[in-house]
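As C-alpha cells, the structure follows; a few thoughts come after it.
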Amino acid sequence: MGAFLDKTGRIGYNGIQRDFRRYIIMNVTQKLIKAHLVTGEMIPGQEISVKIDQTLTQDATGTMAYLQLEAMGIDKVRTERSVAYVDHNTLQSGFENADDHMYIQTCCAKHGIYFSRPGNGICHQVHLERFGKPGKTLLGSDSHTPTGGGIGMLAMGAGGLDVAVAMGGGAFYLVMPKVVKVELTGRLRPMVSAKDVILRLLQMLSVKGGVGKVIEYTGEGVKTLSVPERATITNMGAELGATTSVFPSDEVTRAFLKAQGREEDYIPLEADADAEYDETVTIDLSSLQPLAACPHSPDNVKTVAELGKMKIDQVCIGSCTNSSYADLMKVAAILKGKTVADNVSLSIAPGSKQVFNMLAANGALADIIAAGARVLECACGPCIGMGQSPNSAGISLRTFNRNFEGRSGTADGKIYLVSPEVAAFSAINGYLTDPTSEAFTGVDVRMPEKFLINDNMVIVPPADGSSVQVRRGPNIKPFPVNDPLPESIRADVLLKVGDNITTDHIMPAGSKILPYRSNIPYLSQFCFGVCDKTFPERAKAAGKSFIVGGSNYGQGSSREHAALVPLYLGVKAVIAKSFARIHRANLINSGILPLTFKNEADYDRISLSDTLELPDILRCVNENRPIFIINHTTGDRIELEMPLSERQAKIVAAGGLLNFTRG
Ligand code: MIC
Ligand code: SF4
C-alpha cells in the first residue's frame, strides 16, 4: 500500500526501502490509479476508490456543490488545490447569476478554495494553463474535466456531491475501467486538426463506446501533438462516454508547463514498454481528413468533403474544446484581411483571459475584429445556450463538443461540430468549406516560449476563513433530500423515452433556465421539456413515478440537477436499457434507483401510464437479491438488474449520499 508516483514517473511504495521498490509493468492509467488507490482491486468492473488531489467546480454546478459542502459541515477543503470557476452563468439579465457568484466567492474564502472570477475564462482551459499537474488526480463537477488528461492527469467529471465529498478529503468511488489504447501514428496534415482526431474516434466508437473505459493515447503520433491539441482530444473524450482520457506526460508537456512558468510541476509519465491494454484502436494521423459531427449527435460524423458546400447561417468559435491560444491564432490568420460572409454571423469566445490578452497584445485580436467577428467574453457562452442561438432552422458550425437537439436554444437549429480551421474558412466563404481544398495555407502557429502570465483574476483564499460571512441571495433555495428507501414502491410510468437521452433533455440549460441552478423548485417546471412539457405537472400531481428509458440514458453533462429535479418531482426509479456513468452515479447519490432490464427486449413490455410495483425492494437492495418489477396493467413480471457495490447499496437504502454520510 501507500503507492505514489515519484519524480521520474515511476510507482514507488511508502515504507519499502527505495532500492527494493517494486516496479510493475503498467500503462499510464494504471499508474495514475495505483498511485491514488484507496480501496478496491484494480480489476476492470470492480469498485475502487481513489484519493483526489485537486477539484474544480464551475458556477452552474458549483452552487449545489457548495451547498452540499456546507451541509456536510466541512470547514476547510482538504485537497492540494480546489478551484471554483465562474464561466457558465455569466449573462446577468437579472440578479440571479450575480447572486450565485457572490455566494460561491464567499464560500471559497470561507472554505479555502481558489476563486477564478468571471472573465478569467472557461474552467477547463484555465485549469490546464494554471493549475493542472501531471501525475495528479482531478475531480470536477463538469463532464469535460478530462481535459486535464492532456497533461497526464487522471481527470474525471462527477456530480457536485461527489466533488463536495472529495473537497472534504473523501475518496472518489468509481468502477475500475478497462483501458483502451489508441495508437496514434503519422502526423496531421496542414488544415487537419486535433478536433478531427476525436471526431474520427467518435465515428469509430460512438457516444457509448467509451462507457466503463479510459482512453489512453500512445504511439509516435503523440509527440507531434501539442498540449492544447491533446486537451482538445481528451476534452471531447467525454462524448464517448469514457471515464476519462489520458495522454502521457513527456517533453511536450514539459515545454507547455515551462511556457506557463510552471516547469517544476512537470513529471514524466508514460506507459511501460510492455504495458497491456484491454482494447486497441489505431489512428493514422496522416490519413485523417476534416470532419464534422452532424445534427444531433457528436458521433454522427461525416467528412466535410462529403457534406459539400452547404450554405450556413452561423459560426461559433470557442468552448473548452477549441479556444486555446493556438486555435485562435489559426483562426485570426485565416480571417486576416477578409470579411465574414453576408449570410453568416461569426462569434468568437476566447477560452481564457490569458488567451484573450495574448491575442490583444500581438495584434491577432485586431485581425479578428476587422474581419467582423462578434467577440464574446471568455466563457462558455453559446456552447451552453447562453446567447447566440441560431435563427429558425439555422445551420450553425461550432467548434464545440456537443450538438444535442435544442441545446443551442433554437429548437430546430442544426448544429455541426467542426475544427477551428473549418469554422474560420466557412465563416468567410458563407458555406461549409474543406480547408484542405483552400489555396491559403499560411497558418503555422507555434506554441509560445512563454505565455502571458497574470493570475490577477484568481482570488487566493485567506489562511483562516472562519470569520468570512457567506452571502446567500434569494435565488439560493435548499436542495431536495430523499427519504430512506421504502419496503416496496408502487407507481405509474409517467414518461417513456428512447435511446441516448441526454441530461440536456432531462434538465435543459440555456439562458432562460440556467440562472436557476440553485433553485430546484423553479427548475423543475422545465424537466424533460424537450420530450414532454406535461411531465413536471403530472409527476408533481402523482407524487411518485417511474421513468422508462432506452440505452445510454443520461449521457452528456455531469449536472446532478438531472437527478435532483426528478427527485424533487417524486421520481423513484429509472428503468433503462443502460446508463451513462456520471448520471447513474448522480441517481444513486440522490437515492433514485437506476434499474436496467435483464433482457433489453422487455423495454417493450412497459408502456406509458402502466402501473408498476417493485415488491420488497429494500430487502433486494440490502441482501443483494434478484430484482423484478410487476406490471399491474399487463400482469407481466419483468426481471431487472441493479449491480451495486456494498457502499452504493447502503447509499440507495439510506435515500442518497447525503443521508448516508450524515449517518
Ligand atoms: C455542459 O457542457 O453540458 C456543461 C454545462 O458544462 C455541463 C455541466 C452543467 O450542466 O452545468 C457538463 O458538461 O457537465
Ligand atoms: Fe462550458 Fe461548453 Fe465546456 Fe460545458 S462544454 S464546460 S458549457 S464550454
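Some points to look at:
- A 1.4 Å probe run over the protein chains yields, for the chain, 36 Å² of accessible area per residue, whole-number rounding.
- The phi-based Karplus calculation (6.51 cos²θ - 1.76 cosθ + 1.60; θ = phi - 60°) puts the 3J(HN,Hα) values of region 100-107 at 5, 4, 5, 4, 5, 4, 6, 4 Hz, whole numbers, x for Gly and Pro.
- FRET E, pair Glu487, Glu377, Förster distance 45 Å, beta-carbon r, rounded to 0.05: 0.30
- Förster radius 30 Å - calculated FRET efficiency between Lys477 and Asp532 (Cβ-Cβ, nearest 0.05): 0.75
- Simple Cβ-charge dipole of the chain, Lys/Arg +1 and Asp/Glu -1, about Cα centre, in debye nearest 20: 820
- Sequence ranges 536-548, 126-138, ranked by mean other-Cβ count within 10 angstrom, highest first: 126-138, 536-548
- DSSP-defined beta bridges in the chain - what % are antiparallel, rounded to 5: 35
- For the chain, the share of accessible area belonging to carbon and sulfur comes to 49 percent (1.4 Å probe, ligands and nucleic acids excluded).
- Positive contributions from Lys and Arg (+1) and negative ones from Asp and Glu (-1), summed over other residues with Cβ under 9 Å from the Cβ of Ser551, come out at 0.
- In region 236-353, the DSSP beta bridges split such that about 50 percent are antiparallel, to the nearest 5.
- At an R0 of 60 angstrom, the distance between the Cβ atoms of Glu613 and Thr224 translates into a FRET efficiency of 0.55.
- Using only alpha carbons, the chain has a radius of gyration to Kirkwood radius ratio (Rg to Rh) of 0.95.
- Region 567-574 - phi-based ³J(HN,Hα) in whole Hz, Karplus 6.51/-1.76/1.60, Gly and Pro as x: 4, 4, 7, x, 5, 9, 7, 10
- Centre separation in Å (Cα based) which lies between region 73-150 and region 581-644: 36
- Under 5 Å, built H, 5+ apart or other chain: amide partners of Ala271: Val28
- Fraction of the pair-distance distribution of region 573-663 above 24 Å, Cα-Cα pairs, percent: 20
- Dipole-positive endmost among Pro118, Ala65, Ala439 within the chain (Cβ charges, Cα centre): Pro118
- Under 5 Å from the amide H of Leu291 lie the amide H atoms of Val304, Ser419, each residue being 5 or more positions distant or on a separate chain, with H modelled from the backbone and absent for Pro and chain starts.
- Per-residue 3J(HN,Hα) values for region 24-39, derived from phi via the Karplus relation 6.51 cos²θ - 1.76 cosθ + 1.60 with θ = phi - 60°, read 10, 6, 9, 8, 4, 4, 5, 4, 5, 5, 4, 6, 10, 5, 9, 9 Hz in sequence order (x marks Gly and Pro).
- Averaged over residues, the count of other Cβ atoms within 10 Å places the peptides 291-297, 492-498, 157-163 in the sequence 157-163, 291-297, 492-498, highest first.
- Alpha-carbon centroid distance for the pair region 199-225 / region 325-353, whole angstrom: 28
- Model label sites at Arg189 and Ser392, defined 7 Å from Cα along the beta-carbon direction, differ in position by 4.1 nm.
- Most to least packed among 391-401, 360-370 [average Cβ atoms within 10 Å]: 391-401, 360-370
- Pairs beyond 29 Å (Cα-Cα), from Lys133/Lys181; Lys110/Lys650; Lys31/Lys258; Lys330/Lys414; Lys51/Lys544; Lys51/Lys512: Lys110/Lys650; Lys51/Lys544; Lys51/Lys512
- Net charge of Cβ neighbours under 13 Å - reference Cys531; Lys, Arg +1; Asp, Glu -1: -1
- One chain, two ends: Thr303 and Arg446. Fully extended at 0.36 nm per residue, the span grows by 48.8 nm beyond their Cα-Cα distance.
- Under the Debye formula (equal points on every Cα, no solvent term), log10 I(q)/I(0) of region 254-295 at q = 0.15, 0.28 Å⁻¹: -0.82, -0.93
- Around the amide H of Ala3, modelled in the peptide plane, lie the amide H atoms of Asn14, all under 5 Å away and 5 or more residues distant in sequence or on another chain.
The values are calculated or read from the model by the stated rules, or taken from the named source; none is laboratory data. Worth saying up front: this structure is predicted, and the values here are computed from it rather than measured. Positions of Cβ are backbone-derived with ideal geometry, glycine not excepted, and every protein chain shown enters the neighbour counts. Protein only, heavy atoms only, side chains kept; ligands, DNA and RNA dropped before computing areas. Shrake-Rupley method; radii C 1.70, N 1.55, O 1.52, S 1.80 Å.
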